[in-house]
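Every read-out reported here was derived from the displayed coordinates using simple, explicitly stated rules and does not represent laboratory data. Note that the structure is a prediction, hence the values are computed from the model and not measured. Because the Cβ atoms are built from the backbone with ideal geometry, glycine has one as well, and the counts that use them run over all protein chains shown.
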Amino acid sequence: MFTNGLSIDQLVDRGLPSHYEMAVTLRRKLIEWSPSIFVGYNSMGFDEEMLRHTLFQTVHNAYLTNTNNNCRADAMGLALSAAALSPGVLAVPLKPDGRPSFRLADLAAANQVLVGPSHHALGEAEATLAISRLVKKAAPEVWQRFVRFSKKATVVDFVEAEDGFVLTEFFGNEPYHQPVVILGPDPELATRRLCIRLDIDLDAIFAMSDDEQQQALSQKPSPIRVVKVNAAPTLTTLFDASEVMLGNIGLDVWEERARRIKDDSQLRNRLLANYRASRKEFDPPEVAEQRIHVGLPAGADEYRMSAFHTCSWSDAARLVTEMDHDGLRTFGARVIYCEARSQLQREVRLAVERELTDRLVVETRYGFTIEQAIASIDEQVGSTEDSAGILSTYRSHLIERRKKVLDYRTDLQRASV
């Protein structure tokens, strides 16, 4: 809120669309544009996740941008790829420590791209478009690769067909090129392919016992690299890679190492089994938000999700109780609670209220309580100039809300006795 200059008065203004109304309008526009390649800047790890959770929590298909012939890509990856594969295409500014800066505002300024105020969506979209056009014009091969690998099926075909390839990953805005070869799909996530680096001591890895191999594969950085096939990865064939990307080692060396692994299914299966054994098991979901990754809505739920947005609120309340996906049941009830609370059965309404009030005041491993938010504001106030009063007015709002929530929670507990 502070970064974007949003006051609490704006967020609680009942004259503005609700969160649900916003999500419906946003989805309608994205559907109108479909099929498309949806592009943001540094969007894959944040904006895309925010969009997916917004859709999921308003009873829509969460994966709109990479289903129904849509694709997605990240223009920051395009800029980083252009700088790595076609130096000089973009003017890349330096940070005070001498490292390159790929922050959108910095990159736009260095390339004479005019943008609006920082963190304003339209200005950043225009800057992303301008940077993309610069790369498309000056480095068409980089642009074509960017578009090509925005499609999940194309990435899968490439990764599985090539004897070996260069995976370019970016850490701290710097590219790291690693020759790799595929081992196989990740059995836990269908959108990932597990690959092994070719620049490690393969003979040593192969000679290890299972326990030793598991320990070696679990180290950080791991010899196993994960390719997210639905996240527009930066991939280059070995014969197209530059000497720098190949570590100044001959192409024939990498090809021989890759074929050695690709042709030995028993070896690949052993590496996969030991890598899976080395991985920490994820805890089961504790809250509804985490259920976005626990199975996709299917069968009758797809019909119910569609009908939810077109029927009356009383019918929507009935549909929610019939949904098989427990995450959708939770969020469907929350939407109705916010939009038409009186249409919920009393026991459903009380269940929503108990969960939400608990989330606001009871500290857990997941979530952020009102008390924690107030403490966070207090930490920031001492080191931040709050001339517009955004933090102070938000703090006052939270203190008032905390009292209301605690009083309401007490009333709920009495009602359940």
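Couple of notes before you dig in:
- Between helix 251-262 and the chain: long-axis angle, C-alpha atoms, 0 to 90°, nearest 10: 60
- Counting every C-alpha pair in region 307-417, the share spaced more than 19 angstrom apart comes to 58%.
- Along its first, second and third principal axes, ordered by size, region 261-315 spans 58, 28, 12 Å in Cα coordinates.
- Seen against the Cα atoms of the chain and their longest principal axis, helix 346-361 is set at about 60 degrees.
- Sequence-ordered 3J(HN,Hα) estimates for region 267-283 from the Karplus curve with 6.51, -1.76 and 1.60 and θ = phi - 60° stand at 5, 5, 5, 5, 4, 4, 5, 6, 5, 4, 5, 7, 7, 6, 6, 6, 5 Hz, glycine and proline given as x.
- Principal axis box of the chain, alpha-carbon based, largest edge first, Å: 74, 52, 44
- For q = 0.26 Å⁻¹, Debye-computed log10 I/I(0) when each Cα of region 2-59 counts as one equal scatterer: -1.19
- Each peptide in 63-72, 183-192 gets a packing score, the mean of other Cβ atoms within 10 Å over its residues, and the list from highest to lowest is 63-72, 183-192.
- Summed side-chain charge close to residue 396 - residues other than residue 396 whose Cβ falls under 12 Å, Lys, Arg +1, Asp, Glu -1: +2
- The Cα center of region 122-158 and the Cα center of region 337-409 differ in position by 41 Å.
- Per-residue packing, averaged as other Cβ atoms within 10 Å, sorts the ranges 91-101, 219-229 into the order 219-229, 91-101, beginning with the highest.
- Pairwise centroid distance, computed over Cα atoms, of region 265-300 with region 54-81, Å: 21
- Surrounding net charge for residue 364, when Lys and Arg each add one and Asp and Glu each subtract one, Cβ distance under 9 Å: -1
- Sorted from greatest to least, the principal axis extents spanned by the alpha carbons of region 199-264 come out as 37, 30, 23 Å.
- Region 59-67 - phi-based ³J(HN,Hα) in whole Hz, Karplus 6.51/-1.76/1.60, Gly and Pro as x: 6, 10, 5, 6, 9, 4, 7, 9, 10
- Diffusion coefficient, µm² s⁻¹, Stokes-Einstein with Kirkwood Rh over alpha-carbon pairs of region 355-397 at 20 °C and 1.002 mPa s: 188
- The C-alpha atoms of the chain define a longest principal axis, and helix 370-381 lies at about 70 degrees to it.
- The chain - mean residue ellipticity at 222 nm from DSSP helices (-39,500 (n - 2.57) per run, n ≥ 4, rounded to 500): -16000 deg cm²/dmol
- Divided by 2.2 N^0.38 Å, where N counts the residues, the Cα radius of gyration of region 62-167 comes to 1.19.
- Residue-normalised convex hull volume from the C-alpha trace of region 191-236: 87 Å³ per residue.
- Neighbourhood net charge (11 Å Cβ-Cβ; Lys/Arg +1, Asp/Glu -1) for residue 186: +4
- With both residues required to sit in the chain, DSSP beta bridges show an antiparallel share near 85%.
- Over the C-alpha trace of region 151-281, radius of gyration and Dmax come out as 14.1, 39 angstrom.
- Relative contact order [Cα under 8 Å, 6+ residues apart], the chain, whole percent: 14
- Long-range amide H partners of residue 225 with built H, under 5 Å: 195, 196, 197
- The chain: Lys pairs at Cα distance under 28 angstrom, eight or more positions apart or on different chains: 25
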